[in-house]
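Structure first, commentary second.
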Amino acid sequence: MGDVITLVLNALTLISILMLVGLGLAIIFGLMGVINMAHGEFVTIGAFTLSLVQTAGGSYWLALVLAPLIGAAAGVVLERSIVRHLYTRPLATILATWGVSLIIQQSLQLIFGAAPRIGTGPISGAVTFLGAEYPAYRLMMITFAMAIVGGVIAVFRYTRFGLDLRAVIQNRDMAEALGIDTRRVYTLAFASGAALAAVAGVLIAPMTKVVALMGAAYLAPSFFVVIVGGAGSVAGVAAGSAVVGGLETVLNYQIPVTVSQAVVLITAVVIVRFRPRGLVPS
C-alpha cells in the first residue's frame, strides 16, 4: 500500500509542476496563438532567483515573492519588444522566441557558469502520509501549486481581467468592438504566463539542480499538456497535466525514461487525433 501511495504522490508532484508551467503557456498560446519557445526560460529565471536570493542570505519566501515579479517584467519586455510585432507571423514568432531562449541560456552560463547551483526549500525531512514516508517539501509544493491554480481559476471567473481575457480568447474582433484594449490584455496575459512559470521554477529548484538549460526540459511536456487538455482552458490544463504527468510517472516505474516519454508523445498524438480541440476545449 505504501508503494501505491508513493506512486500517487510522485504523480501529483509532476502533475502540479506541469499544471503551473502549462497554465502560463495555455494563457499565452490560447489567447494569442503564440508558440513561445522561450517559455521554459521563465522557469529557469524563477529557479535562479531562488538560488541567488538564498546565496545573498535571503529566504525561500522572499524568492517566491520576487520570482513572479521578475518573470512578469521579463515577459512584458519580450512581448512588447518582439512578440507584439509578430502576431500575424507565427513561424517568425517561433524563430524569434527560440533565439531569445538561446540568448537567455547562454547569458546565464556566461554570468553564473555552467556548474549547477542549489536552491533549498523552507522545510526538510519526511512525513508519514497515509502510511508512506514522503518528503515534506514535496507535499508542501503540491498543496501550494494547487492553491495557485485555484487562485488563477478565481481570477478567470470573478475579475474584470479574467472576463476580458476570456472574451479575447473567444473572439478578439468582437472584444475590440466592445471596447476591450486587446493590446493591454495581451501584455498582461503574457506577463501572467511568465510569472506563473517563474513561480514553478522556484518550486522546482529545491528538487533538482539549477542550471541554465533546465527550462528546456519542461517546454515539450507543457506543450503536450496544453494540446492534450485544450488551449485557453484552465480545466483543460488540469486534465492535460493529469494525463501527461500521471502516465509518465507510472511508466517511469516500468520502462526507461526515454521510452516512457515516447509513449506519452504517442498517447498525446492519439488523443489529439480524436479530440482535436483537446479533452476540455475552451
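Since every read-out is calculated from the coordinates, none of them should be taken as a lab result. Because the structure is predicted, anything quoted here is derived from the model rather than measured. Every residue, glycine as well, gets a Cβ built from its backbone with ideal geometry; the counts of neighbours run over all protein chains shown.
As a proxy for reagent exposure, His85, His39 were ordered by neighbouring Cβ count within 10 angstrom, fewest first; the result is His85, His39. Working note: Karplus 6.51/-1.76/1.60 with θ = phi - 60° gives segment 83-90 the couplings 4, 4, 8, 10, 4, 8, 10, x Hz, where Gly and Pro are set to x. Count Lys and Arg as plus one, Asp and Glu as minus one, and take only other residues whose Cβ is under 13 Å from that of Phe161; the net charge is then +2.
What are the residues whose amide H is under 5 Å from the amide H of Val127, where those residues sit 5 or more places off or on another chain and H is modelled from the backbone? Result for Val127 returns Tyr134, Ala136.
First select every other residue whose beta carbon is under 14 angstrom from the beta carbon of Thr267; then total the charges, Lys and Arg +1, Asp and Glu -1.
Values: positive: Arg273, Arg275; negative: Glu248.
Spelling it out: positives minus negatives among the neighbours equals +1.
Rounded to the nearest whole Hz, the Karplus-based 3J(HN,Hα) values (6.51 cos²θ - 1.76 cosθ + 1.60, θ = phi - 60°) of segment 249-266 follow the sequence 5, 5, 5, 4, 7, 10, 9, x, 4, 4, 5, 5, 5, 5, 5, 4, 4, 4, with x at glycine and proline. Taken one residue at a time, the phi angles of segment 121-127 give Karplus couplings (6.51, -1.76, 1.60, θ = phi - 60°) of x, x, 10, 9, x, 10, 10 Hz. Gly and Pro are set to x. Find the relative contact order for segment 2-215 and round it to a whole percent, using C-alpha pairs within less than 8 Å whose residues are 6+ positions apart. 45 percent.
Please compute the alpha carbon radius of gyration of segment 2-215, then divide it by the globular-protein estimate 2.2 N^0.38 Å. Two decimals is fine. Please list the in-between numbers first.
Numbers: Rg = 18.3 Å, N = 214, 2.2 N^0.38 = 16.9 Å.
Here the Cα radius of gyration is 1.08 times the empirical estimate.
Could you rank the peptides 242-250, 93-101, 201-209 by their average count of other C-beta atoms within 10 Å per residue, with the highest value first? The partial results should precede the final answer.
Working: 242-250: 20.7, 93-101: 17.7, 201-209: 23.4.
So the order, starting with the most tightly packed, is 201-209, 242-250, 93-101.
Between Arg183 and Glu133, the contour length at 0.36 nm per residue exceeds the Cα-Cα span by 13.1 nm. Spin-label pair Ala154-Ser107: with each label point 7 Å from Cα along the Cα-Cβ axis, the two points sit 3.4 nm from one another.
Can you sort Leu64, Leu86, Leu12 from fewest to most other Cβ atoms within 10 Å of each residue's own Cβ?
Details: Leu64 19, Leu86 16, Leu12 22.
In order of increasing Cβ crowding within 10 Å: Leu86, Leu64, Leu12.
So, by mean Cβ neighbours within 10 angstrom, what's the order for 172-179, 263-270 with the highest one leading? Show your work: numbers first, answer last.
Working: 172-179: 12.2, 263-270: 15.0.
My ranking of the peptides, most packed first, is 263-270, 172-179.
Taken along its principal axes, the alpha carbon cloud of segment 1-82 reaches lengths of 53, 39, 16 Å, longest axis first.
Using just the helices of the chain, give the 222 nm mean residue ellipticity in deg cm²/dmol: DSSP H runs with n ≥ 4 each add -39,500 (n - 2.57), and the total is spread over all residues, rounded to 500.
Details: 11 runs with 207 residues, N = 282.
That calculation yields -25000 deg cm²/dmol at 222 nm.
Cα-based values for segment 234-281, radius of gyration first and Dmax second, are 11.2, 32 Å. For the chain, a Gaussian network of Cα nodes joined below 10 Å ranks Leu219, Leu196, Leu52 by mean-square fluctuation, and the top entry is Leu52.
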